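The structure under discussion appears below in the form of structure tokens.
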Ligand SMILES: [Zn+2]
């Protein structure tokens, strides 16, 4: 039956479309979790392949400054724009007074646990 062939063809297309979308979504999330720009790596995945984009992400490693900023551990000094710890009261680069951006929390987890 032709109808069954059309349906099975559509299912194959749907399957591969889902796999491709999951690959691109995986690259985006891998970039985001490493502090890299998800849009740039989606473009790299489109231009080369998601696999090579992922290999590039692994080779580059995490962007520690961005990750620490996302976790609220680092902020930029308003006077000299260098990265300083969010709990610092004085910039170690230019010596200007800083206001800690969050209360001092003991422990390393998100809830201070
Ligand atoms: Zn400074």
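The values are calculated or read from the model by the stated rules, or taken from the named source; none is laboratory data. If you're wondering where the values come from, they're calculated on a predicted model, not measured in any experiment. As a convention, Cβ positions derive from the backbone with ideal geometry for all residues, glycine included, and neighbour counts pool all protein chains shown.
Residue 95 passes every criterion in (1) assigned to a helix (DSSP H, G or I); (2) modelled with pLDDT of 90 or more; (3) within 16 Å of the ligand (Cβ to nearest atom) apart from (1).
Residue-wise test of (1) closer than 30 Å to residue 93 by Cβ; (2) modelled with pLDDT of 90 or more; (3) not assigned by TED's automatic domain parsing to the domain that holds residue 97.
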position: 12; (1), (2), (3): no, yes, yes
position: 19; (1), (2), (3): no, yes, yes
position: 23; (1), (2), (3): no, yes, yes
position: 27; (1), (2), (3): no, yes, yes
position: 30; (1), (2), (3): no, yes, yes
position: 42; (1), (2), (3): no, yes, yes
position: 46; (1), (2), (3): no, yes, yes
position: 71; (1), (2), (3): yes, no, no
position: 81; (1), (2), (3): yes, yes, no
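Filtering 82, 73, 65 for residues that are over 30 Å from residue 22 (Cα atoms) and either away from the ligand (no atom under 14 Å from the Cβ) or in contact with a helix residue (DSSP H, G or I) (Cβ under 6 Å, 6 or more places away or on another chain) (or both) leaves a single hit, 73.
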